[in-house]
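Report on the following structure.
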Amino acid sequence: MSGSFKFSGHETFACRYAWLPKAYRALRKDQWVFANEESAMVELGLGKNMVRSLRFWVEAMGVAEPAPDGQGLIPTRFGRVVLSTKDGCDPYLEDIKTLWLLHWNLGSRSQGALFAWRLLLSHWPFPEFVRSEALAAFTRESKRLGHSHSAVTLTQHLDVFLHTYSPARGAAASVEDSLDGPLAELGFLQPIGQRKGDGGRWETVLAFRREPKPEITAALFEYCVIDYWDRFRPGEETLTLRELTLAPCSPGQVFKLPEDDIRSRLESYAVDSKASKKPFRFQPSAVQGLLFRQRGGRPVDLASVYDAEAVNA
């Protein structure tokens, strides 16, 4: 791992279901809404720490970004296309494709990447983990990168990752804490049993759902392939199947898709590719499949992800 990472800013809160639509509407009215915490508390109906957390998540999930002149936050194109109450594709996060896109935005960030997401999605070498193992890895990698984060900071950051994908229900949870975040619906991180962790205590074993995911439609997958290609391999005319499957921040790693599933998804891009006007074509190989950019192909549009006719590859 290399680069600059974020370890905090979420104020220990995972993003809640109503937060992103609420923030988008507020930012459309006033790009300075987060500048004054007291007025933001009134406008958003949240406590001070949650206001700070929400500001963090609207950027981390790609819904808003600093204005070009540095004057407040403005919605991104992603935010406008998805969350606009006028003509947005999914203004209230009712479509599971939106949840996968938010997950993609978190897991594939190149600038201001979240440490937990980068380590656990792109660099964790095992299909499962227990909390103490992950925390020990956080400590080692943080020190290797030259940071001096406290155990509290690293623990809180790991717990935010876990709470993002795990239901927070329970008798001991408060009403606010029992409200699951949107990405818990993905079933991305699943408890599969228990075993003793680094401290000798029994811990829940958490496994990534590494299987074909038909809810990640052909259009959604295509959008993420091109997004990855443009941001991480700009200017390159080819992309290998291995990169698409195993490279950090790739669709294979972020979505935890098996290589066989990715290969089968790409098969449709190898048939009559010149006439199809798709953005890339696929050259299958027993050893190493290869994707080629197809000049003149139709651009990948975010709104096309929500087209009713979009089907799986």
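None of the figures in this text is laboratory data; all of them are computed from the coordinates on show. Nothing here was measured: the structure is a model prediction, and the numbers come from that model. When we count neighbours, we look across all protein chains shown, and the Cβ atoms used for this are built from the backbone with ideal geometry, even at glycine.
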query = In a GNM of the chain with a 10 Å cut-off on Cα contacts, which of T245, T98, T153 has the highest mean-square fluctuation?
reply = T153
query = So what J values fall out for the range 62-69 if you push phi through Karplus, 6.51 cos²θ - 1.76 cosθ + 1.60 with θ = phi - 60°, rounded to Hz, Gly and Pro as x?
reply = x, 7, 9, 8, x, 4, x, 8
note = Reduced to Cα centres, the span from the range 121-149 to the range 91-106 in Å works out to 26 Å
query = So, how do all the Cα-to-Cα distances of the range 91-131 break down into 10 Å bins, in percent, from 0 on up?
reply = 26, 41, 29, 4
task = Any chance you could run the full-extension gain for S8 through F292? It's 0.36 nm times the residue separation minus the Cα-Cα distance, nm to one decimal.
result = 98.4 nm
query = In bins 5 Å wide, starting from 0, what share of all Cα pairs of the range 201-313 does each bin hold, as a percent?
reply = 2, 11, 22, 25, 21, 10, 4, 2, 2, 1, 1, 0
Options G289, L99, A35, ranked by Cα towards positive dipole end of the chain, top entry (Cβ charges) = G289
key: For the range 218-306, size of Cβ-based charge dipole, Lys and Arg +1, Asp and Glu -1, in debye   = 240 debye
query = Which net charge results for the neighbourhood of L241, defined as the other residues with beta-carbon distances under 12 angstrom from its beta-carbon, given Lys and Arg at +1 and Asp and Glu at -1?
reply = -2
message = Using a Gaussian network model on the chain with a 10 Å cutoff between Cα atoms, which of F280, F292, F255 fluctuates the most?
response = F292
key: GNM flexibility winner over the chain from H163, H149, H103 (Cα, springs under 10 Å)   = H149
note = Taking placed amide H atoms and a strict 5 Å upper bound, the residues 5 or more places from E203 or on another chain that come that close are R195, K196, G197
inquiry  = Please compute one quarter of the surface area of the Cα convex hull for the chain and express it in square nanometres.
reply    = 18.0 nm²
ask   = So if we plug the beta-carbon distance of A303 and A151 into 1/(1 + (r/R0)^6) with R0 = 51 Å, what FRET efficiency do we get, rounded to 0.05?
value = 0.70
query = With charges only on Cβ, +1 for K and R and -1 for D and E, what is the dipole size of the chain about its Cα centre, in debye, rounded to 20?
reply = 540 debye
task = Report, in deg cm²/dmol and to the nearest 500, the calculated mean residue ellipticity at 222 nm for the chain, where each DSSP H run with n ≥ 4 adds -39500 (n - 2.57) and the sum is divided by the residue count.
result = -11000 deg cm²/dmol
task = Determine the equivalent ellipsoid of the range 93-209 by diagonalising the alpha-carbon gyration tensor, then write out the semi-axes as square roots of 5 times the eigenvalues, largest first, rounded to whole Å.
result = 22, 19, 14
query = Please state the equivalent ellipsoid semi-axes for the range 18-89: what are the square roots of 5 times the Cα gyration tensor eigenvalues, largest first, in whole Å?
reply = 18, 14, 11
remark   = Once S110 and Y92 are pulled to full extension, the length gained, defined as 0.36 nm per residue separation minus their Cα-Cα distance, is 3.8 nm
ask   = To the nearest 0.05, how large is the calculated FRET efficiency for R231 and T139 if R₀ is 45 Å and r is the Cβ-Cβ distance?
value = 0.95
